[in-house]
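Below is one structure, written out as structure tokens, with a few remarks after it.
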Amino acid sequence: MHEPVRGTQADRTGRVSRPTGAPATFHAAPGSHAYVIALCSVAAIGGFLFGFDSGVINGAVDALAHAFGTRAAATGFAVASVLLGCAVGAFGAGTLADRLGRRPTMLLNAVLFLAGAVVTGGAGSAGLFIAARIAGGLAIGAASVLAPMYISEVARPMCAADWPRCSRWQLCWGCSVPS
């Protein structure tokens, strides 16, 4: 009738504590609803950036061809090169997040987003532009995997099934803003 619960320890006073090697989990305090909403909203920005990038680049195709003096095939590759990075970023993000943790990987991803945007904006050649787009694509692909995963982990005490949809909604919103 009074069997101990697995994974817990009790001291002489009967207080239950975790074993020292147990992983810490996020427990939402009664007043932390706004904190979780803020975290989920910030994490969903990755979805918005994915959609925004897809929408913005379509309007810049002619300007890119003129600026770099490229033909249709090279301009098309420069525009589509982000998808190469997306595939690699999405494929490797889970493994990297398992090794480093979700939050550090998302911070690294934010730095990659920023660096890719700065270099893309200042690129003086088509080669540098393509390299920066691939780096930006790594960040976009990683964000498309990491953001819903991080959101579902943080929001688990509240409603883990509903918050990852926010990231997908942001992707759609990001596509329609430049239009």
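Structural remarks
- Checklist (1) modelled with pLDDT under 90; (2) touching a Phe, Trp or Tyr at 6+ places or on another chain (Cβ under 7 Å); (3) over 16 Å from D53 (Cβ atoms); (4) hydrophobic (A, V, I, L, M, F, W, C) applied to I140, failing item: (3)
- Given (1) part of a helix (DSSP H, G or I); (2) modelled with pLDDT of 90 or more, index of the condition G124 fails: (1)
- A135, sole failed condition from (1) more than 18 Å from F52 (Cβ to Cβ); (2) at pLDDT 90 or above; (3) of a type in the set (A, V, I, L, M): (1)
For (1) over 30 Å from A67 (Cα atoms); (2) surrounded by fewer than 16 Cβ atoms within 10 Å (Cβ to Cβ); (3) in contact with a Phe, Trp or Tyr (Cβ under 8 Å, 6 or more places away or on another chain), each residue gets a yes or a no:
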| site | (1), (2), (3) |
| --- | --- |
| R102 | yes, no, yes |
| T105 | yes, no, no |
| N109 | no, no, no |
| A115 | no, yes, no |
| V119 | no, no, no |
| G127 | no, yes, no |
| A132 | no, no, no |
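- Applying the criterion of at least 1 residues that are modelled with pLDDT of 90 or more to the helices (runs of 4 or more DSSP H) found wholly in the stretch 9-106 leaves 61-68, 72-100.
The values are calculated or read from the model by the stated rules, or taken from the named source; none is laboratory data. Predicted model, so just to flag it, every value in this text is computed and none were measured. So basically every Cβ, Gly included, is an ideal-geometry build from the backbone, and we count neighbours across all protein chains shown.
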